[in-house]
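Chemist: I am attaching a structure below and will ask some questions about it afterwards.
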Amino acid sequence: MTETEYLEKIESAFRWVEAQVDRWNQEADLAIECSQHGPVLETEFESGQKIITNAQAPTQQLWLASQHGAHHFVLTTEGWQDTRGYGLFEQVFADHASRLAGTDCQAQGQTQDF
């Protein structure tokens with residue numbers, strides 16, 4: 001995969017996160033905010049806790065970190081897959097978000113839908 005293709009996939013993942021956050025805010029009356037700074041997307045919850053999602057261009061990975069752990073994802077035919085077998089990015093992100101928001105944040109769609 002070229003660097004341009006990789007960066008397009010990262011932007012797709014970031015757009016997916018932002019769409020999920022918008023949906024969760026509306027459906028569950030939450031106040032979660034996203035802010036992007038270059039290759040880093042911060043998702044901040046009402047408690048002040050965050051999920052940090054960032055691009056790792058040298059390894060062509062997508063990283064996610066919160067107080068509940070850190071994950072590295074590589075792009076496969078199924079999507080962004082955790083390198084240690086924890087599943088797809090969308091479900092891992094939703095799991096971390098559910099814990100930080102204190103409510104069930106269901107993942108809808110995939111980053112590849114964008």
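The values are calculated or read from the model by the stated rules, or taken from the named source; none is laboratory data. Note that this is a predicted model, so its numbers are computed, not measured. Cβ coordinates were reconstructed from backbone atoms using ideal geometry, including for glycine residues, and neighbour counts include every protein chain displayed.
Chemist: Of the residues that sit in segment 51-66 and are in contact (Cβ under 8 Å) with a residue 24 or more places away in the chain and assigned to a strand (DSSP E or B), which one is farthest from F93 (Cα to Cα)?
Modeler: Looking at residues that are in contact (Cβ under 8 Å) with a residue 24 or more places away in the chain and assigned to a strand (DSSP E or B), I get A55.
Chemist: Which condition number does Q20 fail, the rest of (1) part of a helix (DSSP H, G or I); (2) surrounded by fewer than 17 Cβ atoms within 10 Å (Cβ to Cβ) being met?
Modeler: The failed condition is (2).
Chemist: Taking into account only those residues within segment 46-70 that are among the aliphatic types (A, V, I, L, M) and surrounded by fewer than 16 Cβ atoms within 10 Å (Cβ to Cβ), which is farthest from N25 (Cα to Cα)?
Modeler: Going residue by residue through segment 46-70, those that are among the aliphatic types (A, V, I, L, M) are 51-52, 55, 57, 62, 64-65, 70.
Within this subset, residues satisfying the condition of being surrounded by fewer than 16 Cβ atoms within 10 Å (Cβ to Cβ) are 52, 57, 65, 70.
Working: I52: 18, A57: 30, A65: 21, A70: 24 Å.
Checked segment 46-70; the qualifying residue farthest from N25 (Cα to Cα) is A57.
Chemist: Does segment 3-12 contain at least one residue that is β-branched (V, I, T), within 16 Å of D95 (Cα to Cα) and loosely packed, with under 15 Cβ neighbours inside 10 Å? Full working, then the answer.
Modeler: At the first step, the residues of segment 3-12 found to be β-branched (V, I, T) are 4, 10.
Cutting the leftovers down to within 16 Å of D95 (Cα to Cα) gives us none.
Checked segment 3-12: no residue is β-branched (V, I, T), within 16 Å of D95 (Cα to Cα) and loosely packed, with under 15 Cβ neighbours inside 10 Å.
Chemist: Can you work out which of the residues in segment 87-114 that are farther than 19 Å from H72 by Cβ and outside any helix (DSSP H, G or I) is modelled with the lowest pLDDT?
Modeler: Among those that are farther than 19 Å from H72 by Cβ and outside any helix (DSSP H, G or I), it is F114.
Chemist: Among the residues of segment 37-48, is there at least one that is in contact (Cβ under 8 Å) with a residue 60 or more places away in the chain, more than 18 Å from L75 (Cβ to Cβ) and in contact with a helix residue (DSSP H, G or I) (Cβ under 8 Å, 6 or more places away or on another chain)?
Modeler: As a first pass, look at segment 37-48 and keep what is in contact (Cβ under 8 Å) with a residue 60 or more places away in the chain: none.
There is no residue in segment 37-48 that is in contact (Cβ under 8 Å) with a residue 60 or more places away in the chain, more than 18 Å from L75 (Cβ to Cβ) and in contact with a helix residue (DSSP H, G or I) (Cβ under 8 Å, 6 or more places away or on another chain).
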